[in-house]
Structures are given as structure tokens and as C-alpha cells.
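Asks: One structure, as C-alpha cells, below. Some questions next.
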Amino acid sequence: MNNAQISNVFETVADLLEFQGANSFRVRAYRNAARTIHDLEQQISSIVADPNRKLTEISGIGADLADKIATLVETGKLPMLVELQAEVPESVMTLLRIPGLGPKKAATLFKELKVTTLQELREACDKHLVRELKGFGAKTEETIIAGLSLAETASLRMYWAEADVVVQTVLSYIKQCPAVQQVEAAGSYRRGKDTVGDLDMLVVATDVNRVMDHFGKFPGVSGLLGRGETKMSIRLESGLQVDLRIVPTESFGAALQYFTGSKEHNVILRGLAKNQGLKINEYGVYRGEQSIAGRSEAEVYATLNLPPFPPEMREGRREFDWAAKGELPKLVQLSDIAGDLHMHTTESDGKNSLAEMVAAAQARGLKFIAITDHSKRVSMARGLDGARLRQQWREIDAINQRLDGFLVLKGVECDILERGGMDLPDDVLAEADWVVASVHYGQKQPREQITDRIVGAMENPHVAAIAHPTGRILNRRAAYEVDLEIVYRVAREQGKLLELNSNPARLDLDDVACAAAKRHGIPIVINSDAHNTAGLGVLRYGILQARRAGLTAADVANTRDWPAMKALIGRKA
């Protein structure tokens, strides 16, 4: 099991223990262990395999937790979790997918109203039974109703980053079968959608049954959903469905194009083919009964005088118009990024020191970074006031004197206050190289109020960009109400940047909003929002989102060097 999977196991254990009313210190121990394991840069399995290493060397991991981790690594299962799951109906835990509904409240709903499913909870809310419970009330009931639709779909789709781990594991496993000649992942995963509902794997094989027999033995399979002559479907223990399709070599490209989609892209493609007297499907491109293409995607598109569209672009939006005009954009790549301008250290809620973040950024080939710890309003994250911030900036000045060819910017993630205005005074912000403004509180305010707060921040001469501008958390929290058209207009007028936050749970702005920002002439800044050194690696997810928006390197601000960026945001040399 990898770190993310082990972390998820311990989070589930903590949820189940809290649901049962277990000692809070015990619950916290499992949550802390889950967070520690998730944040480890090294795979914990390699530590278990190293006779010279001990799991207890990891901060917060005692002998009992170490034994459980070793069991998970060696067997893939945890007897304690199995026992806990037997004591709590599985359906009850789906209640935890509702934003703001924790294990304690879920336990109350289960014990007092016998609620075990989302549908039963909806019915209880409709009858106003929930508001009568102690500690709930009408407002809580309304919040639950608002979160039910998110909860009902949360289990159906996983983050692209999580799906990527599964895909790479499945691909590696399938390739172990000698009968496999070609294999690729298709579907929404290949198009880089922020969440993925299921997986499609395409295979060219010399022996269909041998490949299917091998596929059915994939570790983590919870059940066989179906097996035919050329298709087999399994469900993994995570609930994810994986479909395997065996296709002939001469149709592999056509099948890859077809099953990558999107549906909207393929409808347009078939219409263009029909206009040229051709037929296109998952088997190939046909003129009458004769197959004229299908071995590769490039071959399929070339028959229609089209370029081989990057998969991220295939959403039936503007790609065909761009192709017709010969203006298909050269999409931004991770290697284009010169600097990362949103990250945290141990001064606020980060896990690594300033020096460690600098070293990690240098190791990744970046040319500059901005340290942007939280401002004081985010008290739970030990946000910095002016005095602490200036002390950190003095440390940054000292570090820069020792660096050659790398620059650390004095920055801050400054909260936009609920009443409007910035969390730090202008005289402090004026000393920063880089100020990114964000909304963390008051996210349920009316649309006009939140919009006014963001506009006010953009009108501050010291603010360079707005971080995670809609506040969404995928599968957990919908975007807050904000008039993006006004935000785009003011950002353009004030020369401000908008962030594409690369955290795989955020990816905010989303692809549609990033494309809209591009049309308004607003540069996007792709940042990691890293809270540890490993977190710098999430930039690849932001790049994937930017590619879906059709962004080029020129559309992304931090593909420039710092002097060019400084000019872009109107900062003096």
C-alpha cells in the first residue's frame, strides 16, 4: 500500500472511532498519523523494508501504530478496521461526505433518528426532524440539505491525482502479462478532468483470455462486474470501476480516440466525418466498407485534415474552431514554470522550514519562489502579524545574500476580511515583493458581498493576485457565491493576476474559469499552495487544468522570470 492509501485507512479508523464515541486522544492519534503519513516524502513501504530503519523514528508514530502500518504494508489489510466496519453500517459512513457533518453528528442522526443512508437523511430533513435534535437546529438542517447533493455524488468520482495513482498501478500490473502488446488509459482520466468516475483501459493482446485472467487477479479487486469476449469490468475495494477492452492493433488508435472522448468532441468529429463522406467509430475511419485509418490517433485525425488534439483539449469547446483557423494553441507544460508563488512554512501551518522549502524548490529546478505564510486572521494556522512577518522577511533577505541564481521573494497570503479590507496594514504590505489575497472566512456571505470583498482587495495597490478565487473544495465544498465576470473586469482594469491553485482538491480556478480569464486578457499564476516540500510536486495538476483551459506559456504569468513578472504586476525594480 502507498502512503495515500495507508493515510486513508487511518482516517477511516479515526472516523469510525469518533462515531462510536471513543476517547478523543485516541481519535486524534489516528488522525495525526494519517496526516503524518500523507505528508511523508518517502514511501513508508520502503522504510518498512529497510532493516536499518524503524517506523517509530517518525514523529508521532509509536510502537502500536508502527505495528499496524507494517501490517498494512505487508498484507494490505488492517484487522482493526475490519472489526470497526463490522460494528458500524457501511451506509452510515456516507453521511460523513456531507460538508460540515462530522462523526459525532452522524452518530446522533443514526442513534436518534435511525438514519443510515443519504436518502433517509433527506427525508428526515424534509420532515424537519433533524432541527429538533439537540445541537442541530434549523440552520444546521438547512446546511445539511444544501450539502446532500454534493455528498450524493462524492463517492462516484475521485480526484484526478488519486485516480492517477490507481492508473499507474493498473498499467504496471497489466504490462506484466506477456500477452499484452499495447496498453493505454482513456476516458476522463486521460483528458485530465479534475475528478474521475471510472477508468477505461485499452489493450492490444495476443491472447485475450490470458489478459483477462491476469486482470481479474489484480490486487484490490472487490468483485467482477462482467466478462465478455472483448470487455471485462471489475470493481476495486475503493469502489472505483475499471473497464478493460481488448482491441485489434489496426483499431487501437481509433478506440483510444473514441474512448478518450469527450462525448461532445466525438459528436463534432463524427459530424465532420459525415460531411466528408466518411464514417468514424471505435473500430476506425471508413469510406464505405473500406477501413482507411485506425492504427493511431494521429492517423484518425489526419483523415479529416485535423491535428492530433491534445487529450486535455477534447471537450467540444473551441478546439475545432482553433484547428480550422490554424490557431491550435501550444499548451503550457510543467517545464515552462519558472517560479512558484504560494507556499507555507512552519511559521504558519506548513510542515517544513523556510530553508527546507528553498532547498526543495531549487531541487525541482525552479528559479524563484515566494514564501506566503498566512496573515494573522487565520489564527488556527498561527497566522503572522506585521512584526513576525517582517522578522521572516529579514531572514529571507539573509538567505538571498547566500543564494546564487535563485531568488526568494518576501510574500504573504493576506486574508480578505469578512467586513472587507485587508488583514494587514498597507505599510506592511508595501514592503512585500508579492502579496496574494484570499478569502478563508465568511464564505457563506451573499454574492454581492463576497464579490465586493474580492474587488476591494484587487483595488489595493499592494495586492498582486487573488488565491483560489472561488474557494471550492472538490466533492466537499461548492464554490462560494462570487460574480466572476466582475472579478475578471476589475482584474483586467487593475492589472491583477488570478491563481490556479494546484492542490488536487482545489484546482481553483477551474478550467472553464481559466479559459474565461484568458479571453479577458488576465494572466493566470499557477501555484502549488504547498504546505511541505513534497507539496511542491502538485504543480503538475495545475498544469493539467491549465491545458484543459487552452492556456499557453504566454497565458501563465509565472513562466516568466521575476523581472518580467515584476513588470507585469507593476512592481518597481
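Asks: Counting only protein heavy atoms and a 1.4 Å probe, tell me what percentage of the range 13-112's accessible area is made up of carbon and sulfur.
Replies: Working: 2700 of 5410 Å².
That fraction is 50 percent.
Asks: Write down the radius of gyration of the range 228-285 and its Dmax, each obtained from C-alpha positions, in Å.
Replies: 14.1, 46
Asks: To continue, here is another question. In whole Å, what is the distance between the alpha-carbon centres of the range 329-377 and the range 265-280?
Replies: 45
Asks: I'd like the carbon and sulfur percentage of the solvent accessible area for the range 203-314, probe radius 1.4 Å, heavy atoms only, ligands and nucleic acids excluded.
Replies: On the way: 2670 of 5490 Å².
Percent of accessible area from carbon and sulfur atoms in the range 203-314: 49.
Asks: Now, a different point. Bin width 5 Å, origin at 0, all Cα-Cα pairs of the range 75-170: what percent of pairs per bin?
Replies: Once binned at 5 Å, the Cα pair distances of the range 75-170 give 2, 12, 21, 20, 15, 13, 9, 6, 3, 1.
Asks: Still on this structure, I have one more. Let me check against my output: what whole-number percent is the relative contact order of the range 418-480, with C-alpha pairs under 8 Å and at least 6 apart? Walk me through the numbers before you get to the answer.
Replies: Numbers: 64 pairs, mean separation 24.1, N = 63.
Dividing the mean separation by the residue count of the range 418-480 yields 38 percent.
Asks: Suppose accessible area is computed on protein heavy atoms with a 1.4 Å probe; arrange 377, 419, 519 from highest to lowest. Spell out each step's value before the answer.
Replies: Numbers: 377 70, 419 205, 519 150 Å².
Highest to lowest solvent-accessible surface, that is 419, 519, 377.
Asks: How long, wide and thick is the range 1-130, going by the Cα atoms along their three principal axes, in whole angstroms, largest first?
Replies: Over the range 1-130, Cα extents along the principal axes are 60, 25, 23 Å.
Asks: A further question follows. Over the range 13-114, with the other protein chains present, what is the accessible area per residue in square angstrom, probe 1.4 angstrom? Write out the running numbers ahead of the final one.
Replies: Working: 5600 Å² over 102 residues.
On a per-residue basis, the range 13-114 sits at 55 Å².
Asks: Taking every eigenvalue of the Cα gyration tensor of the chain, multiplying by 5 and rooting it, what semi-axes result, largest first, whole Å? Could you put the intermediate results ahead of the total?
Replies: On the way: eigenvalues 295, 232, 131 Å².
Equivalent-ellipsoid dimensions as semi-axes: 38, 34, 26 Å.
Asks: Moving on. Ignoring ligands, DNA and RNA, what accessible area per residue does the range 330-437 give at 1.4 Å, in Å²?
Replies: Details: 4520 Å² over 108 residues.
With all protein chains present, the range 330-437 gives 42 Å² per residue.
Asks: Still on this structure, please answer the following. What's the long-distance tail for the range 279-343, i.e. % of Cα pairs beyond 13 Å?
Replies: Working: 1474 of 2080 pairs.
Across the range 279-343, Cα pairs with separations above 13 Å total 71 percent.
Asks: By the gyration tensor of its Cα atoms, with a ≥ b ≥ c the square roots of the eigenvalues, what is the shape of the range 215-346: rounded for a/c under 1.5, prolate for a/b over b/c, or oblate?
Replies: Details: a/c = 2.58, a/b = 1.05, b/c = 2.46.
Oblate, because a/c is 1.5 or more while a/b does not exceed b/c.
Asks: To continue, here is another question. Where the centroid of each part is defined by its Cα atoms, how far is the range 467-536 from the range 1-64 in Å?
Replies: So the two Cα centres are separated by 32 Å.
Asks: So for the chain, averaging the separation of alpha carbon pairs under 8 Å that are six or more residues apart and normalising by length, what relative contact order in percent results?
Replies: Numbers: 1011 pairs, mean separation 55.5, N = 573.
That works out to 10 percent.
Asks: Got a number for carbon plus sulfur as a percent of the range 501-543's accessible area, 1.4 Å probe?
Replies: Values: 550 of 1040 Å².
The computed percentage sits at 53.
The values are calculated or read from the model by the stated rules, or taken from the named source; none is laboratory data. Just so it is clear, the structure is predicted and the values come from calculations on it, not from any experiment. These accessible areas exclude ligands, DNA and RNA; they are computed on the full protein's heavy atoms, side chains included. Shrake-Rupley method; radii C 1.70, N 1.55, O 1.52, S 1.80 Å.
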